[in-house]
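Q: Before we start, here is the structure in question, set down as structure tokens.
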Amino acid sequence: MLQSAQRVVSELDRTEQLRGATRLLTDEILFAAFQGISAQFDEALGGLGGAPKFPQPMIWEFVLRFGKRTGNPSARSMAQTTLTRMARGGIYDQLGGGFHRYSVDAQWLVPHFEKMLYDNGQLASLYLHGWLAFGDPEYRRICEETLDYILREMTDPGGGFYSAQDADSEGEEGKFFVWTADEMRSVLGAEADAALRYWGVDRGPNFEGRNRSTSAPPAASSSRRGRGAGIRVATTRSWPPGTGSPAGPSPRPAARSIAPSTSPPRPATPSSS
């Protein structure tokens, strides 16, 4: 314990030294930071490293700003790949809005279902800045849906905010975030076929036999996919450039139908902040 305390004091001393430094952030320092991020970048799936994969919004804020400052095309591409992959993966709640804490795999497919206030606040800002940088309406939608989620489920009636929502609901991990095809059909009726294609439920289960919705087919199998009887994490498909969405009715009205109909309130952990 004494050694731990000494390490904490040492880190605090180092922080004070950094705070008192007069050296500016030069182009060389910024470029070195960008190089360090580039070395860990997942070019196929976005984000840094492998599983588990965290959103790390402040890193992508830096990459966006570095790309704007320098005109570096790699920085823009890295940020765009990451924002799009996260938005279309299971780490994003395709029905209720907001981001889960992290993905247990490298594909952004199956999340740890906890939702954190600090993540969602920063990610809403990140997607707003992504929309300003790229003009992509998908990024604006993600920002708005995330803020709507915070207001709806993370705001206390007294005016404060809750710090987190538990990963477990009624003693079961992710219970309110996974679906069977039959559950979705029972709610959506005639809109079900378009929604099942859009959220990838037609590709079979991907989370302990159920469906977690996303918008893009996973690049590789997750260790937690395909067990049980047809339950899936919701994602959305990757459609060819310029096609926007699959033929047939838009699934977005379906999302508005299914979310309030079948998602009971999730318990939140109050925050003193």
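Residues are listed down the side, and each one gets a yes or a no for (1) over 25 Å from Gly174 (Cα atoms); (2) surrounded by fewer than 20 Cβ atoms within 10 Å (Cβ to Cβ); (3) touching a Phe, Trp or Tyr at 6+ places or on another chain (Cβ under 7 Å); (4) among the hydroxyl-bearing types (Ser, Thr, Tyr):
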{"site": "Gly90", "(1), (2), (3), (4)": "no, no, yes, no"}
{"site": "Phe113", "(1), (2), (3), (4)": "no, no, yes, no"}
{"site": "Gln122", "(1), (2), (3), (4)": "no, yes, no, no"}
{"site": "Ser125", "(1), (2), (3), (4)": "yes, yes, no, yes"}
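Q: Now, a different point. Within the stretch 2-25, can one find any residue that is more than 26 Å from Tyr162 (Cβ to Cβ) and either in contact with a Lys or Arg (Cβ under 9 Å, 6 or more places away or on another chain) or at pLDDT 95 or above (or both)?
A: no
Q: So which residues in the stretch 129-171 are under 23 Å from Leu196 (Cβ atoms) and free of Cβ contacts under 8 Å to residues at least 24 places away in the same chain?
A: Hit for the stretch 129-171 is Arg141, nothing else.
Q: Considering only the stretch 63-173, give the helices (runs of 4 or more DSSP H) lying wholly within it that have at least 2 residues that are among the aromatic types (Phe, Trp, Tyr) and in contact with a Gly (Cβ under 7 Å, 6 or more places away or on another chain).
A: Result: 137-153.
The values are calculated or read from the model by the stated rules, or taken from the named source; none is laboratory data. Quantities reported herein were computed from a predicted structural model and do not represent experimental measurements. Using ideal geometry, Cβ is built from the backbone for each residue, glycine included, and neighbour counts are taken over all protein chains shown.
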